[in-house]
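Engineer: The following block contains the structure, expressed as structure tokens.
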Amino acid sequence: MADVTATDDAAATEQVRRVITRYATAWAAGDLPTIRDCYHEQFALHYGGNNPLSGVHKGKGACLAVLEEFRKRTRRKLLSVDHIMAGPERGAVLAREQFSHDNKTTDVQRLLVYSILDDRLHECWVYDQDQALIDQLLA
């Protein structure tokens, strides 16, 4: 007899992998319409640290505004999507981004952990390699 839990977990993991891969592929290609479509209407963004963007932002529109503000302040540029990870409940993207501030550029590795709902990204927790640097850039 097959292990139903293992089968269910495998199917859930594959669903999470599909959603995360769609998002990461669009991000790497700079495909903004697809990136926006990847976010659930109830999307929530969890930014750590101690800066004006820290905290939990809720709703797709509010999160897109915060992401745009982050982009403006850091002049972020995706350098690479290094890994895509998936499990039955969460998926993650390990990426390297470049930030510019005061005529200096810095590369930072970031881990973005996602929950999925209705085949869309539902929540994101952002973990930066150097949170103090991010706080400084956003101050």
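The values are calculated or read from the model by the stated rules, or taken from the named source; none is laboratory data. These numbers come from a predicted model, not from an experiment. A quick note on method: Cβ atoms are made from the backbone with ideal geometry, for glycine too, and the neighbour counts reach across all protein chains shown. Areas reflect the complete protein model, heavy atoms only, side chains present, ligands, DNA and RNA absent. Shrake-Rupley method; radii C 1.70, N 1.55, O 1.52, S 1.80 Å.
Engineer: Any idea how many residues of the range 127-139 are out of contact with any helix residue (DSSP H, G or I) (no Cβ under 9 Å at 6 or more places or on another chain) and in a strand (DSSP E or B)?
Structural biologist: Matching residues across the range 127-139 total 1.
Engineer: I'd like to check something: does the range 16-31 contain any residue that is out of contact with any helix residue (DSSP H, G or I) (no Cβ under 9 Å at 6 or more places or on another chain), open to solvent by 30 Å² or more (accessible area, probe 1.4 Å), in contact (Cβ under 8 Å) with a residue 40 or more places away in the chain and of a type in the set (A, V, I, L, M)?
Structural biologist: yes
Engineer: Further, regarding this structure: Does the range 87-112 hold any residues that are in contact (Cβ under 8 Å) with a residue 12 or more places away in the chain and open to solvent by 30 Å² or more (accessible area, probe 1.4 Å), and which are they?
Structural biologist: Pro88, Glu89, Arg90, Leu94, Arg96, Gln98, His101, Thr106, Asp107, Gln109, Leu111
Engineer: Only one of Gly55, Gly49 is in contact with an Asp or Glu (Cβ under 6 Å, 6 or more places away or on another chain), open to solvent by less than 50 Å² (accessible area, probe 1.4 Å) and closer than 13 Å to Leu138 by Cβ; which?
Structural biologist: Gly49
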